[in-house]
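As structure tokens, the structure follows; a few thoughts come after it.
The values are calculated or read from the model by the stated rules, or taken from the named source; none is laboratory data. Computed from a predicted structure; not experimentally measured. Methodologically, a virtual Cβ is constructed for each residue, glycine included, from the backbone with ideal geometry; neighbour enumeration extends over all protein chains shown. Surface areas here come from the heavy atoms of the whole protein model, side chains and all, with no ligands, DNA or RNA. Shrake-Rupley method; radii C 1.70, N 1.55, O 1.52, S 1.80 Å.
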Amino acid sequence: MELVVDSGVKKMEGEAMRKNQTLICAPIMADSVDQMLILMQKAKISGADLVEVRVDSLKSFNPRPDIDTLIKQCPLPTLFTYRPTWEGGQYAGDEKSRLDALRLAMELGADYIDVELKAIGEFNNALHGNKSAKCKLIVSSHNYESTPSAEDLGNLVARIQASGADIVKFATTAQDITDVARVFQITVHSQVPIIAMVMGEKGLMSRILCPKFGGYLTFGTLEVGKVSAPGQPTVEDLLNLYNFRQLGPDTKIFGIIGKPVSHSKSPLLYNESFRSVGFNGVFMHLLVDDIANFFRTYSSLDFAGFSCTIPHKEAALDCCAEIDPTAKAIGAVNCIIRRPDGKLFGCNTDYIGAISAIEEGLQGSQPSISGSPLAGKLFVVIGAGGAGKAIAYGAKEKGARVVIANRTYERARELAIVVGAEALSLDELSNFHPENDMILANTTSIGMQPKVDDTPISKEALKHYSLVFDAVYTPKITRLLREAQESGAKIVTGVEMFIGQAYEQYERFTGLPAPKELFKNIMSTY
Ligand code: NAP
Ligand code: DHK
């Protein structure tokens, strides 16, 4: 039996209590009505609250029978959209027919219809005031190039509101992740129901945080990539990765700052762990061009904690008011926490994550009583970036003799001076084997998806190493690790490091002990 609460949000008996009224809308795009009906059933099963029927996707369309069928056979509330090509859709036909079809959808019982702001005058004129009381009119505007200023967005909302909209909708395009802040500002202050999205990978936050800032709905696709606009997450991810129904105005925001960043498994790890203890936080991919600009823009306490990866770990140092001494010595920050006074604290968990994984690889899970198994070993680090600095520092601290090889020799040399090591150019690496039983740690992004056939060193050279570690963890077994194993070396994966570097981050994010076994279980499925 369905319960209808006062906000009009329908929820099944027994459904876990929702902490927000923001709806999840699944776009339905198909060549035929029959295919649409199948997708509507999928949308219902997926947990979507309503469907957007993108009539402009149909290859043939007979308005009255088709709309009647779609409404009567849809198991969810329907939003009808007939998007013209001049607003990013697929309909290139006669405008009067298009608007007539939308009016017909309203007449036949659609719960919502979407009319573009550019067409609303003609639509209203033909309506002659006969607007269905049941059907909510969404008036929309799309900008596929950029995100206007807050002032211009405010003016746009006012124009849409004045057009007679029941619900205001605009979608812009993120050129930078900081564009989303202006849309949050408009949404949170809106006095009318509003749907506000920022399209593109850099706009992801706008789609996930709707419940926090009061958005009326967000779009979730039924399959990865089957989007009606760039950047849409799936319904599955909204519900089961981002815990969408549990998000609210007091939800704390966390994320992995990087470029690229979509490969990161941090959202998977932290969101499931947050949910396991009922922690009111959400962790997202944050595609950031300029980390200093990101923190200048998102300076509120709600933006509570961040992991940091390529290429921002060194620049992150300058964003932090306080830096852990080890991170300062390393010269790289991969974990940033916002303190109660709003200032940022930076630390480095890469080094302990990697070094403890490598030590365990050398000695098994039984810690040696006579110090680190790295002591005295010749430890070759490929890379001199954030991870490279952390691992070189950690290996040196454990008594290893460190050699650093890097594409940019100058950075290898600088790091070698800092930690007290030798420096090599990448070209010299394959012929560097003064000893056998050496340890190799790749901290470059070579071999990271999608370039999984790349490797930083020849297989022939690997026979001189007794243990090979790869910080790259997507994929888990890189070409380097596969060839190292084939050459007889022990291997330690970047997944081990990833789990280890997350312990302290989780504890800093939540103030709770890290769920180590849960972390291992989550990453074991990966
Ligand atoms: P970073 O600070 O940007 O450093 C990148 C390093 O890779 C630099 O030394 C760079 O050399 C080198 N590099 C990049 N592309 C290269 C190429 N095509 N050929 C040769 N060298 C190249 O990045 P990071 O934060 O250290 O991360 C590096 C890698 O480690 C990433 O894949 C990241 O995902 C992974 N990582 C994994 C974990 C984990 O938990 N498993 C933790 C940290 C990092 P130049 O100096 O010449 O530019
Ligand atoms: C990878 C790294 O570089 C770590 O230092 C971050 C991040 C986590 C990731 O999520 O892939 O802490």
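Whenever a residue of the range 420-447 is in contact (Cβ under 8 Å) with a residue 60 or more places away in the chain, its partners that are within 16 Å of ligand 2 (Cβ to nearest atom) and open to solvent by 30 Å² or more (accessible area, probe 1.4 Å), lying with C-beta atoms within less than 7 angstrom and at least six residues away or across chains, give the pairs Ser445/Ile310.
Give the range 53-67 a look and list any residue that's surrounded by fewer than 23 Cβ atoms within 10 Å (Cβ to Cβ) and touching a strand residue (DSSP E or B) at 6+ places or on another chain (Cβ under 6 Å), or say none. Full working, then the answer.
Just the residues of the range 53-67 that are surrounded by fewer than 23 Cβ atoms within 10 Å (Cβ to Cβ), to begin with: 54, 56-66.
Once the filter is applied, which keeps residues that are surrounded by fewer than 23 Cβ atoms within 10 Å (Cβ to Cβ) and touching a strand residue (DSSP E or B) at 6+ places or on another chain (Cβ under 6 Å), the range 53-67 yields Arg54, Asp56.
Which is over 15 Å from Gln505 (Cβ atoms), hydroxyl-bearing (Ser, Thr, Tyr), touching a residue at least 12 places away in the same chain (Cβ under 8 Å) and crowded, with 19+ Cβ neighbours inside 10 Å, of Ser273, Ser228, Ser266? Step through it out loud before you land on a result.
Values: Ser273 fails: over 15 Å from Gln505 (Cβ atoms); Ser266 fails: over 15 Å from Gln505 (Cβ atoms).
Ser228 is the lone residue from the list that is over 15 Å from Gln505 (Cβ atoms), hydroxyl-bearing (Ser, Thr, Tyr), touching a residue at least 12 places away in the same chain (Cβ under 8 Å) and crowded, with 19+ Cβ neighbours inside 10 Å.
For the range 253-263, a residue qualifies if it is in contact (Cβ under 8 Å) with a residue 60 or more places away in the chain and surrounded by fewer than 22 Cβ atoms within 10 Å (Cβ to Cβ), and the qualifying residues are Ser262, His263. In the range 502-526, the residues that are closer than 14 Å to Ser307 by Cβ never reach a residue that is of a type in the set (Asp, Glu) and open to solvent by less than 20 Å² (accessible area, probe 1.4 Å) with C-beta atoms less than 8 angstrom apart, at least six apart or across chains. Annotation note: of Leu268, Leu301, Leu239, Leu317, the sole residue that is in a helix (DSSP H, G or I) and away from ligand 1 (no atom under 16 Å from the Cβ) is Leu239. Can you name the residue in the range 123-157 that is in a loop (DSSP other than H, G, I, E, B) and at pLDDT below 95 and, of all such residues, is nearest to the chain's Cα centre (by Cα)? By that ranking, first place goes to Lys134.
Answer yes or no as to whether Glu272 is at pLDDT below 95, of a type in the set (D, E, K, R) and within 16 Å of ligand 2 (Cβ to nearest atom).
Numbers: at pLDDT below 95: no; of a type in the set (D, E, K, R): yes; within 16 Å of ligand 2 (Cβ to nearest atom): yes.
So Glu272 does not fit the description; no.
In the list Arg339, Arg401, which residue meets the criterion of being away from ligand 1 (no atom under 14 Å from the Cβ) and within 33 Å of the chain's Cα centre (by Cα)?
Details: Arg401 fails: within 33 Å of the chain's Cα centre (by Cα).
The conditions single out Arg339.
Here's a check for you: in the range 276-289, which residue that is under 17 Å from the mean Cα position of the chain (by Cα) and not in a strand (DSSP E or B) is surrounded by the fewest Cβ atoms within 10 Å (Cβ to Cβ)? The residue in question is Asp289. The set of residues from the range 377-398 being under 30 Å from the mean Cα position of the chain (by Cα) and in a loop (DSSP other than H, G, I, E, B) comprises Gly383, Ala384, Gly385. Residues of the range 320-336 that are more than 16 Å from ligand 1 (Cβ to nearest atom), in a strand (DSSP E or B) and out of contact with any Gly (no Cβ under 6 Å at 6 or more places or on another chain): Glu322 alone. Scanning the range 290-339 for residues that are away from ligand 2 (no atom under 14 Å from the Cβ), of a type in the set (Lys, Arg) and buried (at least 17 other Cβ atoms within 10 Å of the Cβ) yields a total of 1.
Listed here are the residues, each with its yes/no results for (1) modelled with pLDDT under 95; (2) within 22 Å of Ala412 (Cα to Cα); (3) not charged (D, E, K, R).
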site: Ile310; (1), (2), (3): yes, yes, yes
site: Asp318; (1), (2), (3): no, yes, no
site: Glu322; (1), (2), (3): no, no, no
site: Gly331; (1), (2), (3): yes, yes, yes
site: Asp341; (1), (2), (3): no, no, no
site: Ala354; (1), (2), (3): no, yes, yes
site: Pro367; (1), (2), (3): yes, no, yes
site: Gly371; (1), (2), (3): yes, no, yes
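Hey, any hits in the range 347-362 for a residue that's more than 16 Å from ligand 2 (Cβ to nearest atom) and either over 22 Å from Ile499 (Cα atoms) or in a strand (DSSP E or B) (or both)? Lay out the reasoning, then the answer.
As a first pass, look at the range 347-362 and keep what is more than 16 Å from ligand 2 (Cβ to nearest atom): 359-362.
Those left that are additionally either over 22 Å from Ile499 (Cα atoms) or in a strand (DSSP E or B) (or both): none.
No; the residues of the range 347-362 include none that is more than 16 Å from ligand 2 (Cβ to nearest atom) and either over 22 Å from Ile499 (Cα atoms) or in a strand (DSSP E or B) (or both).
May I ask you to verify whether Asp427 is more than 22 Å from Ile310 (Cβ to Cβ), within 16 Å of ligand 1 (Cβ to nearest atom) and more than 23 Å from the chain's Cα centre (by Cα)? Spell out how you get there, then give the answer.
Working: more than 22 Å from Ile310 (Cβ to Cβ): yes; within 16 Å of ligand 1 (Cβ to nearest atom): yes; more than 23 Å from the chain's Cα centre (by Cα): yes.
Yes.
On the given criteria, is Val168 within 27 Å of Glu95 (Cα to Cα), aliphatic (A, V, I, L, M) and more than 22 Å from the chain's Cα centre (by Cα)?
Working: within 27 Å of Glu95 (Cα to Cα): yes; aliphatic (A, V, I, L, M): yes; more than 22 Å from the chain's Cα centre (by Cα): yes.
So Val168 fits the description; yes.
Sort out which residues of the range 457-488 are surrounded by 21 or more Cβ atoms within 10 Å (Cβ to Cβ) and over 29 Å from the mean Cα position of the chain (by Cα), and write them in order of number. Steps first, answer last, please.
Here is the first cut: in the range 457-488, the ones surrounded by 21 or more Cβ atoms within 10 Å (Cβ to Cβ) are 457, 462, 465, 467-473, 478, 480-481, 484.
Within the range 457-488, Ile457, Leu462, Tyr465, Leu467, Val468, Ala484 meet the criteria.
When the range 453-509 is filtered for residues that are out of contact with any Asp or Glu (no Cβ under 9 Å at 6 or more places or on another chain) and aromatic (Phe, Trp, Tyr), the ones remaining, listed by number, are Phe498, Tyr503, Tyr506, Phe509.
Out of the range 436-449, which residues are within 18 Å of Ala392 (Cβ to Cβ) and out of contact with any Pro (no Cβ under 7 Å at 6 or more places or on another chain)? Lay out the reasoning, then the answer.
First pass over the range 436-449, keeping only residues within 18 Å of Ala392 (Cβ to Cβ): 438-446.
Answer for the range 436-449, where residues must be within 18 Å of Ala392 (Cβ to Cβ) and out of contact with any Pro (no Cβ under 7 Å at 6 or more places or on another chain): Met438, Ile439, Leu440, Ala441, Thr443, Ser445.
Consider Ser356 carefully, then state whether it is under 22 Å from Tyr473 (Cβ atoms), of a type in the set (Ser, Thr, Tyr), within 11 Å of ligand 1 (Cβ to nearest atom) and touching a residue at least 40 places away in the same chain (Cβ under 8 Å). So Ser356 does not fit the description; no.
Just so you know, in the range 343-401 the residues that are among the β-branched types (Val, Ile, Thr) and surrounded by fewer than 24 Cβ atoms within 10 Å (Cβ to Cβ) include one that is nearest to Gly305 (Cα to Cα), and it is Ile352. Could you list, in sequence order, all residues of the range 434-456 that are within 25 Å of Ile310 (Cα to Cα), open to solvent by less than 10 Å² (accessible area, probe 1.4 Å) and more than 11 Å from ligand 1 (Cβ to nearest atom)? Ile439, Leu440 - these are the residues of the range 434-456 that are within 25 Å of Ile310 (Cα to Cα), open to solvent by less than 10 Å² (accessible area, probe 1.4 Å) and more than 11 Å from ligand 1 (Cβ to nearest atom). The set of residues from the range 158-199 being under 16 Å from Phe213 (Cα atoms) and part of a helix (DSSP H, G or I) comprises Asp179, Val180, Ala181, Arg182, Val183, Phe184, Gln185, Ile186, Thr187, Val188, His189.
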